[in-house]
Amino acid sequence: MAIRDVLKMGDPRLLTPALPVEDFASPSLAQLIVDMHDTMRVLNGAGLAAPQIGVGLQVVIFEVNSNPRYPEAESVPFTVLINPLLTPLSDELEEGWEGCLSVPGMRGLVPRHTALRYQGFDAAGQPIDRSVNAFHARVVQHEVDHLHGILYPLRIRDLRNFGFTETLFPGQNLQDD
Ligand code: NI
């Protein structure tokens, strides 16, 4: 078990596009996924992308457990998604509040596609092909943006909708991605 440091906005590695995984049998890939999982859990994140711990590979993980305080957020099973390809299933965009472990203590209102298909591979190299919507779609878009060097503040349309979590949502214990 290894908890890794999460890079913060300002580190150029977060702005660098990640490379595809080519060797799914590599022990270093398995160790990367274990470290990402441990790091996400200890920080109570909803998702994590490899570049956030300084590894420039196209690997993201995410998981959203049901939370009685946010009954509208459906739970998302723990997923390892490698070399992802996203295809929007609707032109419709919806604004929603996001946080990020690389932008700690902040929240911003970000437009995302409401429905999309994502394809890629799991940790064993088996294909993944899911069509999802709502919060699940938002989390995937946030994580895959990290692989393209995009942090969510870059997508905020009106920076008046960007601020400190404790001020915007006092008393709430929100997850970051
Ligand atoms: Ni993030």
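Tell me, ASP122, ASP177 in order of fewest to most beta-carbon neighbours within 10 Å?
Ranked by crowding around the Cβ, least crowded first: ASP122, ASP177.
From the residues GLY99, VAL140, VAL21, which one has its Cα farthest along the dipole of the chain in the positive direction, the dipole being from +1 and -1 charges on Cβ of Lys/Arg and Asp/Glu about the Cα centre?
GLY99
As a footprinting exposure proxy, order HIS113, HIS142, HIS136 by other Cβ within 10 Å, with the fewest listed first.
Starting with the residue having the fewest Cβ neighbours, the order is HIS113, HIS136, HIS142.
Principal axes first, then extents: for the Cα atoms of region 66-177, list largest minus smallest coordinate on each axis, whole Å, largest first.
Result, largest extent first: 43, 30, 25 Å.
For ARG112, ARG4, what ranking results if the residue with the fewest other Cβ atoms within 10 Å of its Cβ goes first?
Ascending Cβ contact count within 10 Å gives the list ARG4, ARG112.
For a quick protection proxy, order the peptides 102-109, 127-134, 54-61 by their average other-Cβ count within 10 Å, most packed first.
Put in order of decreasing packing, that is 54-61, 102-109, 127-134.
Considering Cα pairs under 8 angstrom that are at least six residues apart, work out the relative contact order of region 1-145 and quote it in whole percent.
22 percent
Normalised by the number of residues in region 108-177, what is the relative contact order in percent for Cα pairs under 8 Å and 6+ residues apart?
For region 108-177, the relative contact order is 35 percent.
Can you grab the distance from the C-alpha centre of region 21-74 to the C-alpha centre of region 107-121, Å, no decimals?
Their Cα centres are 16 Å away from one another.
The numbers here are math on the coordinates, done by the rules we state, and not lab data. Note that the structure is predicted; figures quoted are calculated from it, not measured. A quick note on method: Cβ atoms are made from the backbone with ideal geometry, for glycine too, and the neighbour counts reach across all protein chains shown.
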